[in-house]
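> Dumping the structure here so I can ask a few things about it.
The values are calculated or read from the model by the stated rules, or taken from the named source; none is laboratory data. Being a predicted model, the structure only gives us computed values, none of them experimental. Every residue, glycine as well, gets a Cβ built from its backbone with ideal geometry; the counts of neighbours run over all protein chains shown.
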Amino acid sequence: MPVEIKKVGVIGAGQMGNGIAHVCALAGYDVYLNDLDPERIRAGIATINGNMARQVSKGHVTEEARQAALARIQVANATEDLAPCDLVIESATEREEVKRKIFIGLCPVLRPDALLASNTSSISITRLAAVTDRPEHFIGVHFMNPVPLMELVELVRGIATDDATFDLAKTFVSSLGKTYAVAEDFPAFIVNRILLPMINEAIYTLYEGVGSVDAIDKAMRLGANHPMGPLQLADFIGLDTCLAIMQVLHEGLADSKYRPCPLLVKYVEAGWLGRKTHRGFYDYRGEKPVPTR
């Protein structure tokens, strides 16, 4: 077990992965950013650069800190490039078979004392840990989106996670300036166990014609004081991710109240996944978002 975490690997350079790399580099860690697609690593570093520049312009970060943080981020094109890491955080797509494959390929490359973590938002940490050669050194660290802005990280112990790994993970998360909440290893943990059924219910409310996209989002913003309407939030998260989490809840808990709304399934089948594809419950192709229903 490493006494100290100094080098952090991040697998997946998408929205979550580049956010995790961003906060780790700013906190003084050497970061190795890995993705199957080298172009995504370049795009991820460009996003980090832009987001840090925004933090500088708002006075949250100094220009010196930004430059030092960017210098700490290294491109890791191959899994072998993650060999020096004390901790590797997987932040790939929310599909269990993809994550399992990553961990199986990663273990032979790492030192025996290196820690493994998954940023999964819903999948069993115990199951993911079981495919590795170090389940006791495996933990869930679920960051919230967007990572640089959101304060919370859910820490999830698998059945085999040992106390030393748990304590090290708590220290690591605190060093990033984040606050952790400890969740038990049950489907979707705390935040998504509560949030996603609410979003799914908002989609049912639209599906059943109770309210329009605009009316539902306005009702929850102004009636429940939510900063963002549930359908707007679904588009922000990604409708494919929303569906994947509802499927994990439905299959994992076998309760019909978690059945994904057929309208959510239809949008995902159409490839209308929200902001990232420029269409979801809103159409983002014009000057301002327009409801699609």
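> If you take the residues of the stretch 159-209 that are charged (D, E, K, R) and not in a helix (DSSP H, G or I), which of them is farthest from I245 (Cα to Cα)? Steps first, please.
Keep residues of the stretch 159-209 that are charged (D, E, K, R), which gives 162-163, 167, 170, 178, 184-185, 193, 201, 208.
Retained after the next criterion (residues that are not in a helix (DSSP H, G or I)): 162, 178, 184-185, 208.
Working: D162: 27, K178: 24, E184: 16, D185: 14, E208: 22 Å.
Among those residues, the one meeting the criterion is D162.
> Within the stretch 1-73, which helices (runs of 4 or more DSSP H) (wholly inside it) include 2 or more residues that are in contact with a strand residue (DSSP E or B) (Cβ under 7 Å, 6 or more places away or on another chain), loosely packed, with under 14 Cβ neighbours inside 10 Å and modelled with pLDDT of 95 or more? Walk me through it before giving the result.
Working: elements: 15-26, 38-57, 63-71.
Fully inside the stretch 1-73 and qualifying: nothing.
> Does E184 fit the bill of being over 24 Å from the mean Cα position of the chain (by Cα), among the acidic types (D, E) and modelled with pLDDT of 95 or more? Walk me through it before giving the result.
Numbers: over 24 Å from the mean Cα position of the chain (by Cα): no; among the acidic types (D, E): yes; modelled with pLDDT of 95 or more: yes.
No; evaluated as a whole, the condition is false for this residue.
> Considering (1) crowded, with 16+ Cβ neighbours inside 10 Å; (2) out of contact with any Asp or Glu (no Cβ under 6 Å at 6 or more places or on another chain); (3) modelled with pLDDT of 95 or more, say which one S122 fails and leave the rest.
(3)
> If you check every pair at least six apart or on different chains, which have Cβ atoms under 6 Å apart with a residue in the stretch 132-157 that is more than 9 Å from N119 (Cα to Cα) and outside the structural domain of T179 (by TED's automatic domain parsing) first and a residue that is in a strand (DSSP E or B) and of a type outside the set (A, V, I, L, M, F, W, C) second?
Nothing qualifies.
Residues are listed down the side, and each one gets a yes or a no for (1) in contact with a helix residue (DSSP H, G or I) (Cβ under 7 Å, 6 or more places away or on another chain); (2) more than 30 Å from E136 (Cβ to Cβ):
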site: Y32; (1), (2): yes, no
site: L36; (1), (2): no, no
site: R42; (1), (2): no, yes
site: N51; (1), (2): yes, yes
site: V56; (1), (2): yes, yes
site: H60; (1), (2): no, yes
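> Continuing with the same structure: Quick one: P108 ticks every box in (1) free of Cβ contacts under 8 Å to residues at least 60 places away in the same chain; (2) assigned to a helix (DSSP H, G or I); (3) under 30 Å from K276 (Cα atoms) except a single one, so which number is it?
Result: P108 fails condition (3) only.
> Still on this structure: Here's a check for you: in the stretch 213-237, which residue that is crowded, with 22+ Cβ neighbours inside 10 Å and small (G, A, S) is nearest to the chain's Cα centre (by Cα)?
By that ranking, first place goes to A234.
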